[in-house]
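Worksheet for the structure shown next.
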Ligand code: INI
C-alpha cells in the first residue's frame, strides 16, 4: 500500500512568508514563530523570504502573486483578525480564509493559513507565543510538510 507523508526536512525548500501588519505587535510574534520553525528545520536564515502587507484582507492576492511566481515550494500567510476590534471582522476573516484557500487551489502551491481569528486581543496573544503555542510556528510546519508531500506525490497533469 503506497503511503505518502511529507517530512519536516526544509533544507532544500524555498518558502515565502507573507505577514499582515494590522495588529502588528502580535503578527510580529507569529512571524518570529514561523521563522523559528523554518530555520530549525534547515532553511538558512538568509534564504527565508518575507513580505509585509497592510492587513489580512490583502493576504490572498499577495499569496497568489507569490505562489504563482514559480520561485517557492510553499507560502505561509500570517495575520491577526480580532473580532472586538472591527465590525467587519467576518468580511476580513472570511475573505482571508476563503481567498488563501482559493490561491492554493489556483496555483497548486501549498499555502498555509496562519491567520488568528479571535474574539479578543488576549486570545490572539495566547496563540502567538503564549500558553496556546505559536500558530505562526504551526503554519510554517504545515507548509514544510505539504511542500515535501507534494514533491513526493504523483505529478498532476493539470492544476485543475
Ligand atoms: N486587518 C487585519 O489584519 N486584522 C484586523 O483585525 C482588521 N480590522 O480589524 O479591521 C484588519 N483590517 C484591515 C484590512 O485587512 C485591510 O488591510 C484594509 O481593509 C485595506 O484593504
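The values are calculated or read from the model by the stated rules, or taken from the named source; none is laboratory data. Worth saying up front: this structure is predicted, and the values here are computed from it rather than measured. Reconstructed Cβ throughout: ideal geometry from the backbone, glycine too, with neighbour counts over all protein chains shown.
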Top-ranked residue of the range 122-158 - restricted to ones that are over 17 Å from the mean Cα position of the chain (by Cα) and within 23 Å of residue 25 (Cα to Cα), ranked as surrounded by the most Cβ atoms within 10 Å (Cβ to Cβ):
125
Got a number for residues in the range 65-102 being over 16 Å from the mean Cα position of the chain (by Cα), more than 7 Å from the ligand (Cβ to nearest atom) and farther than 26 Å from residue 13 by Cβ?
5
Identify the residue in the range 15-39 that is touching a helix residue (DSSP H, G or I) at 6+ places or on another chain (Cβ under 9 Å) and surrounded by fewer than 16 Cβ atoms within 10 Å (Cβ to Cβ) and, among all such residues, is farthest from residue 96 (Cα to Cα).
39
Selected residue (only one of 126, 145 is more than 30 Å from residue 158 (Cβ to Cβ), modelled with pLDDT of 95 or more and out of contact with any strand residue (DSSP E or B) (no Cβ under 8 Å at 6 or more places or on another chain))
126
Determine whether the range 25-41 contains at least one residue that is over 14 Å from the mean Cα position of the chain (by Cα), modelled with pLDDT of 95 or more and within 21 Å of residue 124 (Cα to Cα).
yes
Check the range 45-64 and report whether any residue there is more than 21 Å from residue 126 (Cβ to Cβ), touching a residue at least 40 places away in the same chain (Cβ under 8 Å), away from the ligand (no atom under 13 Å from the Cβ) and surrounded by 15 or more Cβ atoms within 10 Å (Cβ to Cβ).
yes
